[in-house]
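Novice: Quick one: this structure, given as structure tokens, is what I'll be asking you about.
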Amino acid sequence: MKSMRYLKDTAILKLDVQKCIGCGNCELVCPHRVFKIIDAKAQIIDHNGCIECGACTTNCPVDAIYVNPDDGCGCATYIVNSWLQKIFSKKRSFLGG
């Protein structure tokens, strides 16, 4: 997916490798192949591929991944869903995200 980019050098994506248990969930769910398991730990291999959809954070069992569009940017689907969750006070996806 290197031909498709969001906004270069703007993704707010952080990985705490110390917390990572190498489960591979992030690699499996990331639609843009941002992560790869190397030496039993996740690594960010394509930071600019991140669209901040939140799939990695939702599926990380040890909270080793941080991506927060409320810090200034983010995937439109994730942002709209966040707003709707605040309005309706329950977690549900209205846009298929």
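The values are calculated or read from the model by the stated rules, or taken from the named source; none is laboratory data. These numbers come from a predicted model, not from an experiment. Using ideal geometry, Cβ is built from the backbone for each residue, glycine included, and neighbour counts are taken over all protein chains shown.
Novice: For segment 26-59, enumerate the residues that are in contact with a helix residue (DSSP H, G or I) (Cβ under 6 Å, 6 or more places away or on another chain) and crowded, with 20+ Cβ neighbours inside 10 Å.
Specialist: Result: Cys26, Cys30, Val34, Phe35, Ala42, Glu52, Cys53, Gly54, Ala55, Cys56.
Novice: Kindly list, by first and then second residue, each pair from a residue in segment 18-32 that is closer than 17 Å to Cys50 by Cβ to a residue that is in a loop (DSSP other than H, G, I, E, B) and among the hydroxyl-bearing types (Ser, Thr, Tyr), limited to pairs with Cβ atoms under 6 Å and residues at least 6 apart or on different chains.
Specialist: The qualifying pairs do not exist here.
Novice: Hey, any hits in segment 61-70 for a residue that's in a helix (DSSP H, G or I) and modelled with pLDDT under 80?
Specialist: Checked against the condition, which is being in a helix (DSSP H, G or I) and modelled with pLDDT under 80, segment 61-70 yields at least one hit.
Novice: Then there's this: Among (1) within 17 Å of Asn68 (Cβ to Cβ); (2) touching a Phe, Trp or Tyr at 6+ places or on another chain (Cβ under 6 Å); (3) among the hydrophobic types (A, V, I, L, M, F, W, C), there is one condition Ala42 misses while meeting the rest; what is its number?
Specialist: (1)
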